[in-house]
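Comments concern the structure below.
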Amino acid sequence: MGLDGRQIRGPRAFSCGTVSDPAVGSLGLVVRRTRVLDPRTGRHVPKTPWGVLAAAGTKLVLARPGERLTLLDAKTRAQKRLPWPSDFDSLGHPAVDPRGRFVALSFVVPSW
């Protein structure tokens, strides 16, 4: 199925256990946290060095070790390091603007 709900080709097996949260909008699906799969071609667009938190348009927000974030442009592969903006060390679920322009990240303390 395409992202618009139309069938592109016949079904083929795809393990649900390999798809992680979140879907990344027009780019495809996150597979095993570090790969974005284009459902039309089955190719990786792109494979990332760190876990994908969210996507807006062609930009991916990546979680790096040690409370660091990176913004990756999936088309140009340009990267921009982002500061960790919270005293909390854990991330909640991100929210993506329906137009694909913004990502809101939440920072949490799991014990609260």
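Filter the stretch 59-93 down to residues that are open to solvent by 40 Å² or more (accessible area, probe 1.4 Å), closer than 22 Å to Leu27 by Cα and either small (Gly, Ala, Ser) or at pLDDT 80 or above (or both), then give me how many there are.
So the count comes out to 10.
Within the group Arg77, Arg81, which residue is farther than 27 Å from Gln7 by Cβ and touching a Pro at 6+ places or on another chain (Cβ under 8 Å)?
Arg77
Taking the residues in the stretch 94-112 that are surrounded by 14 or more Cβ atoms within 10 Å (Cβ to Cβ) and over 21 Å from Leu37 (Cβ atoms) as candidates, determine which candidate is modelled with the highest pLDDT.
Per the criteria, the residue is Leu105.
Considering the stretch 10-54 alone, what residues qualify as being open to solvent by 100 Å² or more (accessible area, probe 1.4 Å), modelled with pLDDT under 70 and under 22 Å from Leu91 (Cα atoms)?
Correct list: Asp21 only.
The values are calculated or read from the model by the stated rules, or taken from the named source; none is laboratory data. These numbers were taken from a predicted model, which means no experiment stands behind them. Glycine also receives a Cβ, built like all others from the backbone with ideal geometry; neighbour counts cover every protein chain displayed. Accessible surface is based on the protein model in full, side chains and every heavy atom, while ligands, DNA and RNA are left aside. Shrake-Rupley method; radii C 1.70, N 1.55, O 1.52, S 1.80 Å.
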